[in-house]
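Quick notes on the structure that follows.
The values are calculated or read from the model by the stated rules, or taken from the named source; none is laboratory data. Predicted model, so just to flag it, every value in this text is computed and none were measured. Reconstructed Cβ throughout: ideal geometry from the backbone, glycine too, with neighbour counts over all protein chains shown. Just the protein is used for accessible areas: all its heavy atoms, side chains included, with ligands, DNA and RNA removed. Shrake-Rupley method; radii C 1.70, N 1.55, O 1.52, S 1.80 Å.
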Amino acid sequence: PSPRPQPQIRTAAMRLRRGALPCRGWQALAAAAAVGAWLGEILALVPVASPQLDRPSLQLQRCIFPDVLDKEAWDLKRDGLTFLRLPLPDASAIALQAGEDIAEVGTNWRSIKNGDESKGRRQSYLRMRWTTAPMSVATATILDSAEMAVKEELMAAGRATPCMRLHDCVAIADFSPGLARQELHRDIRREAVHCRTHGVLVPLSHGVRLHAVAGSHAPRSNLRGSFSPQEVSIINVEPGWALLWDGMLVHAGDGAAAGTREGRPNRVRLHGYAEPEDEARLFDDEGDRSVVETP
């Protein structure tokens, strides 16, 4: 079968899922039949019991509704990542304003500190453990909002304490149209099984994405070290949202997007680490760089 249904079938499927498809005689019936036929083709390929596909309904939903279900389908415990809506009115507009502010006045862009030596992807310090850089009201608002959302999520999951906060917050931007995708890695060392660090990505512009291997954060006592390209999902994150992931999750930063301008900050986003104040993690810790991506 086709990897994705035709646009009209996808539209009908989304509306059927939401209960929003009105009864319009043969058109509604034809759309429903087309969706059913396409699902039948896919289901015929899904084994009744498969250790690789223990949640076929979720996998099918992600295939059929990739844009609609991105946010609600991911679970922090199961997949190692989840979406958080920033608790702000008009969060998207504030985030985009913060991105414009940083692109306009940001200085001292440098190679990111965790082992990626590419000059096409750079960072500018915002709030570090020992100092906070001058920033616009919009940027500070987004930073505080993201910290609030992350702390609430992790407290509810039993993964945080009241002293948890966002450390090492930086703005990251692309500076070269030839920038390749980052290598797969973990933010914390594989042997740091008790580490409570989580990564946070907050878009300050459109088109921000993360490449991630769902479920690669567990079990911590027996983490995998090699993954195929087919296991890597591309996660689209929109302004007004934050993406939170377990520090053991295998992931990679995106390559340059179409239209990237040479030598200018493109696709600005905020990146930080949520962790307890008292947890000792080296500032220059490169995490786990031993992950192998097989052909």
So Ala192 passes all but one of these: (1) in a loop (DSSP other than H, G, I, E, B); (2) among the hydrophobic types (A, V, I, L, M, F, W, C); (3) within 18 Å of the chain's Cα centre (by Cα); (4) under 27 Å from Met164 (Cα atoms). Which condition number does it fail? (3)
Looking at the range 226-245 only, could you name the residues that are buried (at least 20 other Cβ atoms within 10 Å of the Cβ) and more than 11 Å from the chain's Cα centre (by Cα)? Pro239
Failed item in (1) assigned to a loop (DSSP other than H, G, I, E, B); (2) open to solvent by 10 Å² or more (accessible area, probe 1.4 Å); (3) closer than 21 Å to Asp168 by Cβ, with Thr260 passing the rest: (3)
Pair list, Cβ under 9 Å, 6 or more apart: the range 263-280 residue on the phi > 0 side of the Ramachandran plot, other residue crowded, with 19+ Cβ neighbours inside 10 Å and of a type in the set (Phe, Trp, Tyr): Gly263/Phe175
Would you pick out the residues in the range 119-160 that are among the hydroxyl-bearing types (Ser, Thr, Tyr) and in a loop (DSSP other than H, G, I, E, B)? Thr131, Ser136
Contacts under 6 angstrom Cβ, first residue in the range 119-143 being within 16 Å of Gly272 (Cα to Cα), partner in a helix (DSSP H, G or I) and small (Gly, Ala, Ser), 6 or more apart: Thr139/Ala98; Ile142/Ala95; Ile142/Ala98
Note: among Arg196, Arg209, Arg224, just one is over 21 Å from Arg269 (Cα atoms), in contact with an Asp or Glu (Cβ under 7 Å, 6 or more places away or on another chain) and not acidic (Asp, Glu), namely Arg196
Residue list for the range 115-128, filter: surrounded by fewer than 16 Cβ atoms within 10 Å (Cβ to Cβ) and at pLDDT below 80: Gly115, Glu117
Filter the range 95-114 for residues that are over 21 Å from the mean Cα position of the chain (by Cα) and in a loop (DSSP other than H, G, I, E, B); the one that is modelled with the highest pLDDT is Trp109
